[in-house]
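What follows is one structure encoded as structure tokens, with my remarks underneath.
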Amino acid sequence: MADVNRGKRPLSPHLQIYRPQITSILSILHRVTGVGLTLGMVLVVWWFVAAALSPGYFALVDGLLTSWFGVLVLATSVWALWYHALNGVRHLFWDAGWGFDLAVVTKSGIAVLGGSCALTLITLLLV
Amino acid sequence: MRYLTDRNRVQGLGSAHQGVHHWWMQRLSSLALLPLTVAFIFPFGQALGQGHAAVVALYQHWGHAFVAALFITVGFWHLAQGLQVVIEDYVPAKAPRTVLLVLNTLGNWLFAAAGIFAVAKIAFSA
């Protein structure tokens, strides 16, 4: 009978007990950027649908996306995209069993943060 | 209390009854998105704000249209997979959890289809 204690297991301490560390912050950031990118993807589809419908409607949507607020949202999405992509690669390496040493985890985390900022700058300069 | 051993539970492929399928598909879509993201984001970013005619001309090119349609397809697939895990983690009550999971799946199909249809309409408008 393996079910004796199911549902009555001890709970782990709540999040606010722990000191923020680069590992936990980046992990949370991965999820936040992933969920946040929903908005970016919906905006991309809205833009394509507008372009397919009519030049007038496209001008409205394209104008919204290139307004200062639209650019702010899109630039944030670009950073979220690169962060999520690079940290995703970090996750794929972990899935393969590589890079679990604490020192390596810290280094790869810093590399992902720096790399995502660099790629964001490059993207914004090129477009 | 169910009289199930842990061995028996695993043989039923776990609580979702599909074993590691979802996990594996999530890695697969993430891998596909790496080159697709690079191929999609630069032409898209350059087309932003260039006006309707320029955007239509760009995506009438089959390569750009194909990459955009594929990015939208795999992107929403990956989004649905990720959001599903988030919902499963944070919404324990059965009814809202089921409603959210259904909305998540259908919503992502809706946006993916809309995006693919729009790109195709532009691509074939030449």
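Read-outs: derived from the displayed coordinates by stated rules, not from any lab. Computed from a prediction, not measured in an experiment: that's the story for all the values here. Cβ sites come from the backbone with ideal geometry, for glycine too, and all protein chains shown count toward neighbours.
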**Q.** Criterion: touching a Pro at 6+ places or on another chain (Cβ under 7 Å) and at the interface with chain A (Cβ under 8 Å from one of its Cβ atoms) - qualifying residue of B:H52, B:H64
**A.** B:H52
Q | Number of the exception - B:F111 against (1) over 10 Å from the mean Cα position of the chain (by Cα); (2) at the interface with chain A (Cβ under 9 Å from one of its Cβ atoms) | A | (1)
**Q.** Of all residues making up segment A:76-104, the number that are more than 13 Å from A:H30 (Cβ to Cβ) and either touching a residue at least 60 places away in the same chain (Cβ under 8 Å) or among the aliphatic types (A, V, I, L, M) (or both)
**A.** 5
Q. Is segment B:11-23 home to any residue that is more than 10 Å from every other protein chain (Cβ to nearest Cβ), aromatic (F, W, Y) and either without any contact (Cβ under 8 Å) to a residue 60 or more places away in the chain or not in a loop (DSSP other than H, G, I, E, B) (or both)?
A. no
(Q) Any residue at all in segment B:33-42 that's of a type in the set (G, A, S), facing chain A (nearest Cβ under 10 Å) and under 23 Å from A:L37 (Cβ atoms)? (A) no
(Q) Which of the numbered conditions does B:A69 fail, given that it passes all the others? Conditions: (1) facing chain A (nearest Cβ under 7 Å); (2) among the aliphatic types (A, V, I, L, M); (3) surrounded by 19 or more Cβ atoms within 10 Å (Cβ to Cβ). (A) (1)
**Q.** Failed criterion for A:S108 (all others in (1) surrounded by 14 or more Cβ atoms within 10 Å (Cβ to Cβ); (2) within 19 Å of B:F44 (Cα to Cα) hold)
**A.** (2)
